[in-house]
Amino acid sequence: MNLKTILFFVLFFIIILPAYADVTPQDIDNAISKPLHHPYLYFTEQEKPAIQERIKNDPDCKDIMDRLLAEANRLLYTPVETPLPQQFKDSRFDTSGKFLGVYGLYRNAAFNLAFCYQMTGDEHYARKSFEFAKALCDMETWVMRACQFAKAYKRVSPWNVIDDKVVFTYAIIASSTTGNLAAVYDWLYPALNRDERDWIRGALLEKAITQVRGNWEYHWWSTAYRCNWCTWCCHGLGIAALTLLTEDPHLVDVVAEAYNRMNRTLDEFGLDGGWAEGGSYGVHTLRMTLYFGDALKRLTDGKYNMFEHPALAGKSANLGLYLSFPDGKSANIADCAGGRLGDSVLYNKIALETGNKQAAWLRDNRYDTGYDVFDIIWPHHKVKGELPSQGSLHFRTIDWIMMRSDFTDSEHVTIACKAGKNDDPHHGHLDVGQFLINWRGEAFIKDHGAATYDELYFDAEKYDTPQASSAGHNLIFVNGEQQIPGKRFRQPLDENVGGEVLEFRPGQTRDYTLMDPTHAYPGKELKKWRRHIILEKPVITVVVDEVVSVGNGAKIEARFHSDCKQVIGDGYVLLDGDNGDMAIIPVIDGDFINKAGSHTYMAIQKNAQLQRIPYCGTFIHPSGKRTVLAHIILPVEDETETLAIIDSVQRSTDNNGTKQFSFTKNGIRYDYTFLMGNNGLVLE
């Protein structure tokens, strides 16, 4: 080892590591600038004129503020109902209750009115803001019913959480309320007398800080570092502690604890910015760090800057960019909602703090003027947005892959596929080996995303739904055997349950992925499965499955779900979309049959409607234990073209097990050679 290398490691351990090491309350106390004068969380009295100048001269900020003021003027005459409507005992079964709607309205009303007061100086807004805030302070609890003991006790514990969890007195919506009221306290401080301030201060202490302070370990989310709950819950506590430092300076211990636990959560973002709960919850986890991170950075003059964490400083735009399709919708993997991932506030702040060019591109190309208070408070970034030169990406830590030839052209196919572990009972699905195809804004091969968040969805019964079980995914089934979870209620986590990406080869004209989902199954019927997925750019997908069953004559099914109408043809399936058609063409030695099927689903809710979720499958009964199935999935004009492609298919297998097949489309021949290796086929 040369001298330069030794010096590098010395500097790394002396300088770099302490930046991400745990901090103490004394560290925080020493770093905070004093004295503090409200407002100070997100801006000071001295910084306020710059924000008001943006409102006056920036068209986007003016538009947002005009809308906020119009709503604020309506709220001035809105009756404040106290107490709030009662929570239903079974609120996720009977969703007709008013509680959550009124609760959310009051929370946002108090926050936005307080901001309008700061920007205008009109005390009418301050008085009405306090009226809404006081109603929230007078609630018995800020925890919604679904997160209280009676409903949350039987939830299956996520990674790094003990099964013996019995305390549920602080949760995600309570944290949102805490964060909003902390800002209200900061912004209304000059307009309130001591008694009024203590209404809010007392509620922040009683319903948030003292629920957790000194007993963090009793709250399951406090160590759930691969779950969005940890940053969500910590952000409210951290902001509340910061806003109360003028009265309670000893609350620096809560600030330090929130900072440390949020950093540990950020540590769990993968090498490429991957997050196993799915895109929606991944970008939400990042967004929850913005507010506390910004306030802490400001109050410590940049000494404790969460935006320097690699998860925010490096790959923070990857989820929102790579998991999105050209129309802005997203790969509906896990409990993702399938819409746009993130918002203008998230990507603007990341670009502003880190200079991330992809975040800047997302902010400027996927969002309009914005809608949020923080679209005004935080100035628009000045970073020149850029797209990566390579459109495909392997999220290596979680083993998800996106394959594409273009980020913006809907005429090009985008493929999402995943391996990874079945170790997330909170938002994960039993879907190892899954793939999706999006073309022209339609999900030709789709994932259904989350089922309804009903009475049982976060309990063991989650996997009875087609959305979360392997039954509702585009997988291989041997004699109907389905995948298993790696974590069950009151049973230890088995981190071996799942699959892995064996190879990923991106290229200019072709991307290739090889996955092995074998260990996602119990192994009684399916003994081995390797899935090859090829994107022949820009629009052709080839899927090759090597399957080994426990015995001869097994029934093997390759299942496909689609948003399009599925028409069973002679040796193919036509996917009839609104903007074009695709065909699924099996290439299989021996007999096969294509059949349509459907899942029946009904949420555990009072007024639930029966749903039938269609799918189609290719079924074979091979004579031996090992078989290979291939499917070509590509755009077609009509049945005539489909049959011509089928007629063009050629295939062969030599004595070494090497398999070759080819087909022709639009006069172009596509050839594939799979060499037999020690563990199975590999694309040449």
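The values are calculated or read from the model by the stated rules, or taken from the named source; none is laboratory data. From a predicted model like this one, the values you see are computed outputs, not experimental measurements. We place every Cβ from the backbone using ideal geometry, glycine too, and count neighbours over all the protein chains shown.
For this structure, a couple of remarks:
- Taking each residue of segment 234-250 that is surrounded by fewer than 24 Cβ atoms within 10 Å (Cβ to Cβ) and looking for partners that are not in a loop (DSSP other than H, G, I, E, B) with beta-carbon atoms closer than 7 Å, six or more apart or interchain, yields Leu244/Arg201; Leu244/Leu204; Leu244/Leu251; Leu245/Leu251; Glu247/Arg201.
- Residues of segment 395-421 that are crowded, with 23+ Cβ neighbours inside 10 Å, under 25 Å from Pro614 (Cβ atoms) and not charged (D, E, K, R): Val413, Thr414, Ile415, Ala416, Cys417.
Results for (1) of a type in the set (Phe, Trp, Tyr); (2) over 17 Å from Val682 (Cα atoms), shown as yes or no for each residue.
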residue: Phe477; (1), (2): yes, yes
residue: Arg510; (1), (2): no, no
residue: His519; (1), (2): no, yes
residue: Gly523; (1), (2): no, yes
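- Any hit, segment 159-173, residues being under 27 Å from Val373 (Cβ atoms), polar (S, T, N, Q) and assigned by TED's automatic domain parsing to the domain that holds Tyr77: no
- Subset of segment 85-102 [among the hydrophobic types (A, V, I, L, M, F, W, C) and in contact with a Leu (Cβ under 8 Å, 6 or more places away or on another chain)]: Phe99, Val102
- Of the residues making up segment 376-404, just one is of a type in the set (Ser, Thr, Tyr) and at pLDDT below 95, namely Ser389.
- Within segment 139-155, not a single residue is β-branched (Val, Ile, Thr), more than 29 Å from Asp424 (Cα to Cα) and outside the structural domain of Gln491 (by TED's automatic domain parsing).
- Some residue of segment 114-128 being more than 19 Å from Ala203 (Cα to Cα), among the aromatic types (Phe, Trp, Tyr), in a loop (DSSP other than H, G, I, E, B) and touching a Leu at 6+ places or on another chain (Cβ under 7 Å): no
- Residue count for segment 347-370, restricted to those that are of a type in the set (Phe, Trp, Tyr) and more than 21 Å from Ala295 (Cα to Cα): 2
- Enumerated helices (runs of 4 or more DSSP H) restricted to segment 209-302, each holding at least 1 residues that are out of contact with any His (no Cβ under 8 Å at 6 or more places or on another chain), of a type in the set (Lys, Arg) and modelled with pLDDT of 95 or more: 252-267, 279-299
- Residues in segment 458-496 that are assigned to a helix (DSSP H, G or I) and of a type in the set (Ser, Thr, Tyr) were compared, and the one that is surrounded by the most Cβ atoms within 10 Å (Cβ to Cβ) is Ser470.
- Only one of the numbered conditions (1) modelled with pLDDT of 95 or more; (2) surrounded by fewer than 24 Cβ atoms within 10 Å (Cβ to Cβ); (3) in a loop (DSSP other than H, G, I, E, B) is violated by Asn365, and that is (3).
- Applying the criterion of being surrounded by 14 or more Cβ atoms within 10 Å (Cβ to Cβ) and polar (S, T, N, Q) to the residues of segment 74-91, the residue that is nearest to Leu113 (Cα to Cα) is Thr78.
- Checked against the criterion of being surrounded by fewer than 18 Cβ atoms within 10 Å (Cβ to Cβ), outside any loop (DSSP other than H, G, I, E, B), in the same structural domain as Thr653 (by TED's automatic domain parsing) and out of contact with any Gly (no Cβ under 9 Å at 6 or more places or on another chain), segment 573-585 contains one or more residues that satisfy it.
- Leu514 vs. criteria surrounded by fewer than 20 Cβ atoms within 10 Å (Cβ to Cβ), touching an Asp or Glu at 6+ places or on another chain (Cβ under 7 Å) and either in a strand (DSSP E or B) or assigned by TED's automatic domain parsing to the domain that holds Asn438 (or both): no
- Filtered by the rule that a residue be touching a residue at least 24 places away in the same chain (Cβ under 8 Å) and outside any loop (DSSP other than H, G, I, E, B), segment 644-671 gives Ile645, Ile646, Arg651, Thr653, Lys659, Phe661, Phe663, Lys665, Tyr670.
- Top-ranked residue in segment 264-313 [being surrounded by fewer than 23 Cβ atoms within 10 Å (Cβ to Cβ) and of a type in the set (S, T, N, Q); ranked as nearest to Trp232 (Cα to Cα)]: Asn305
- Any hit, segment 598-605, residues being within 33 Å of the chain's Cα centre (by Cα), surrounded by 14 or more Cβ atoms within 10 Å (Cβ to Cβ), part of a loop (DSSP other than H, G, I, E, B) and not small (Gly, Ala, Ser): yes
- The residues of segment 135-194 that are part of a helix (DSSP H, G or I), buried (at least 23 other Cβ atoms within 10 Å of the Cβ) and among the aromatic types (Phe, Trp, Tyr), listed by number, are Tyr185, Trp187.
- Residue within segment 352-375 that is touching a residue at least 12 places away in the same chain (Cβ under 8 Å) and on the phi > 0 side of the Ramachandran plot present: yes
- Members of segment 612-630 that are assigned to a loop (DSSP other than H, G, I, E, B) and touching a Lys or Arg at 6+ places or on another chain (Cβ under 8 Å): His621, Lys625
- If you go through segment 313-338 and pick out every residue that is closer than 29 Å to Phe458 by Cα and assigned to a helix (DSSP H, G or I), you end up with 5.
- Within segment 475-506, the set of residues being farther than 25 Å from Ala152 by Cβ and among the β-branched types (Val, Ile, Thr) comprises Ile476, Val478, Val501.
- Pair list, Cβ under 8 Å, 6 or more apart: segment 506-520 residue over 11 Å from Arg530 (Cβ atoms), other residue assigned to a loop (DSSP other than H, G, I, E, B) and modelled with pLDDT under 95: Pro506/Gln390
- Failed item in (1) in a loop (DSSP other than H, G, I, E, B); (2) closer than 28 Å to Leu69 by Cβ, with Val345 passing the rest: (1)
- Which listed residue is among the small types (Gly, Ala, Ser) and touching a helix residue (DSSP H, G or I) at 6+ places or on another chain (Cβ under 7 Å), from Gly569, Gly580: Gly569
- Within segment 511-570, the residues that satisfy the criterion of being basic (Lys, Arg) and closer than 25 Å to Tyr463 by Cα are Lys524, Lys527, Lys528, Arg530, Arg531, Lys555, Arg559.
- Number of the condition not met by Asn260 [criteria: (1) buried (at least 24 other Cβ atoms within 10 Å of the Cβ); (2) among the polar types (S, T, N, Q); (3) within 20 Å of Thr178 (Cβ to Cβ)]: (1)
- Residues in segment 519-542 that are surrounded by fewer than 23 Cβ atoms within 10 Å (Cβ to Cβ) and outside any strand (DSSP E or B): His519, Pro522, Gly523, Lys524, Glu525, Lys537, Pro538, Val539.
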